[in-house]
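First up is the structure itself, then whatever we jot down about it.
Bear in mind these aren't lab numbers, they're just calculated from the coordinates by the rules spelled out. If you're wondering where the values come from, they're calculated on a predicted model, not measured in any experiment. Backbone-built Cβ (ideal geometry, glycine too); neighbour counts: all protein chains shown.
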């Protein structure tokens, strides 16, 4: 695979000292990526706090019907609301203000916490914690590789997106088949897909910095980057939990 081409603009000696210009760009990139990771980590933390609070207060029992084991009407609303917010953020980012984008991101993370609170009733707390920390370690290593590699991951990204579409279709089919073997395969493939997407998305977010630096879109770009990595982390965590989590 060809080496990744650095999109940073060429600066002539007359325009600015090469050393100081490069240091300025590197410092700006580090600050940008740090902001992305801070928002992403804070979103994951908020999700965990809301999920834990839902279980400790018993509010989680309002989200599903204990008699049937299925979601209640409120449960369906809580599960579908995050999807709606992602659509608004993704397709309306050019029209949204930076403040609105941030508010929607925090609302999304909180709603995801409410939606995911039910997994604490299905899996033991110990296994959830173990899988979470394993996911955090894997995510950190993969994201670091995506940030530092000089290889162009765009071709891999195209393959991963196609695989993700196939994974969604297979998951929908298995809703009717209810095959445990198929679910195992879906979970394993899901882990691999989101592992790859973590590295690919990190490189894409890094490249985005050079397009938005100094523009009014930079703040919203940080939020969208954080949302992308948040989704990679949460999905990898859920697929790993289905593979290795201990049920109650």
Legend entry - For the chain, built as a Gaussian network whose Cα springs stay under 10 Å, the top-fluctuating residue of 179, 207, 154: 179
Inset, instruction - Rank these for me by crowding, 158, 149, going from fewest to most other beta carbons within 10 Å. - result: 158, 149
Inset, instruction - List 167, 74 from most exposed to least, where exposure is judged by having the fewest other Cβ atoms within 10 Å. - result: 74, 167
Inset, instruction - Give me the number: length gained by fully extending residue 171 to residue 57, i.e. 0.36 nm times residue separation minus the C-alpha to C-alpha distance, one decimal in nm. - result: 37.9 nm
Inset, instruction - Would you mind giving the three semi-axes, in whole Å and largest first, of the ellipsoid equivalent to the range 18-244 according to its Cα gyration tensor? - result: 32, 21, 16
Inset, instruction - Please arrange 159, 237 by counting, for each residue, the other beta carbons lying within 10 Å of its beta carbon, fewest first. - result: 159, 237
Inset, instruction - Would you please classify the overall shape of the range 88-175 from the alpha carbon gyration tensor, given that a ≥ b ≥ c denote the square roots of the eigenvalues, rounded means a/c under 1.5, and beyond that prolate means a/b larger than b/c while oblate covers the rest? - result: rounded
Legend entry - Rounded FRET efficiency, nearest 0.05, which uses the C-beta distance separating residue 180 from residue 30 and R0 of 41 Å: 0.35
Legend entry - Spin-label pair residue 189/residue 211, simplified geometry with 7 Å Cα→Cβ offset, distance in nm: 2.9 nm
Inset, instruction - Return one number: the angle in degrees, 0 to 90 and rounded to the nearest 10, between the long axis of the Cα atoms of helix 98-116 and the longest principal axis of the Cα atoms of the chain. - result: 30 degrees
Legend entry - Calculated [θ] (222 nm, deg cm²/dmol) that DSSP helices of n ≥ 4 give over the chain, each run adding -39,500 (n - 2.57): -27000 deg cm²/dmol
Inset, instruction - Please determine, in degrees from 0 to 90 and to the nearest 10, the orientation of helix 125-148 with respect to the longest principal axis defined by the Cα atoms of the chain, where the helix direction is its Cα long axis. - result: 20 degrees
Inset, instruction - Taking the chain as the reference, fit the longest principal axis to its C-alpha atoms, fit the long axis of helix 154-177 to the helix C-alpha atoms, and give the angle between the two in degrees, 0 to 90, nearest 10. - result: 10 degrees
Legend entry - Principal axes of the range 37-127: Cα extent on each, largest first, Å: 45, 28, 19
